[in-house]
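Novice: Structure below; questions to follow.
Read the figures in this text as sums done on the coordinates, not as results from a lab. As the structure is a computational prediction, the values presented were derived from the model and not from experiment. Cβ sites come from the backbone with ideal geometry, for glycine too, and all protein chains shown count toward neighbours.
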Amino acid sequence: MYMRKYNSEQQFIVAVCDEDILGKEFSEGELVLKLEESFYKGDEVCEEEVKEALSCATIANITGKRAIACAVDCGCIDPDNIIFIDNIPHAQMVRI
């Protein structure tokens with residue numbers, strides 16, 4: 001998986017994407033999911049690194065079967081809040 005972290009004074013944003021779908025675009029109806037390398041491609045990481053980053057994130061964008069499984073496993077994403085665009089799972093998280 002690829003993970004990119006963004007830090008600002010008030011937010012810690014994490015973007016996670018499975019490596020096999022990075023750089024691709026998926027659409028279904030009016031929904032379009034662009035997995036741009038400029039946003040998602042950071043370091044190549046393992047599941048534990050993803051879980052650790054997501055547990056600290058204030059905002060997260062998570063796409064792909066492996067990435068979503070990590071987010072669900074660590075309790076950051078409820079399975080009921082996952083959407084599928086052209087069979088690709090995607091979820092977003094915001095901690096307030």
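Novice: Net charge within 13 Å of Gln11 by Cβ-Cβ distance, Lys/Arg positive one each and Asp/Glu negative one each, not counting Gln11 itself? Write out the running numbers ahead of the final one.
Specialist: Working: positive: Lys5, Arg95; negative: Glu9.
Here the count lands on +1.
Novice: If you compute semi-axes √(5λ) of the Cα gyration tensor in Å for the structure shown, which of [x] 19, 15, 13; [y] 21, 17, 13; [z] 68, 25, 5 do you land on?
Specialist: Correct label, based on the coordinates given: [x].
Novice: I would also like to ask the following. Using Cα-Cα distances under 8 Å and only pairs 6 or more residues apart, what relative contact order does the chain have, in percent? The partial results should precede the final answer.
Specialist: Numbers: 183 pairs, mean separation 28.7, N = 96.
Taking the mean separation of contacting Cα pairs over the length of the chain, I get 30 percent.
Novice: Counting helices only, and only those DSSP H runs with n ≥ 4, report the 222 nm mean residue ellipticity of the chain as the sum of -39,500 (n - 2.57) divided by its residues, in deg cm²/dmol to the nearest 500. The partial results should precede the final answer.
Specialist: Values: 3 runs with 23 residues, N = 96.
The helix contribution divided over the chain gives -6500 deg cm²/dmol.
Novice: Spin-label point model (7 Å from Cα, Cβ direction): what's the Ile83 to Glu28 distance in nm?
Specialist: It is 1.0 nm.
Novice: Of all the stretches in the chain, which is the longest one without any exposed loop site, taking trypsin sites (Lys or Arg not before Pro) in a DSSP loop (any state but H, G, I, E, B) with at most 16 other Cβ atoms within 10 Å?
Specialist: Details: sites that count: Lys24, Arg95.
Here the longest segment lacking exposed loop sites spans 25-94.
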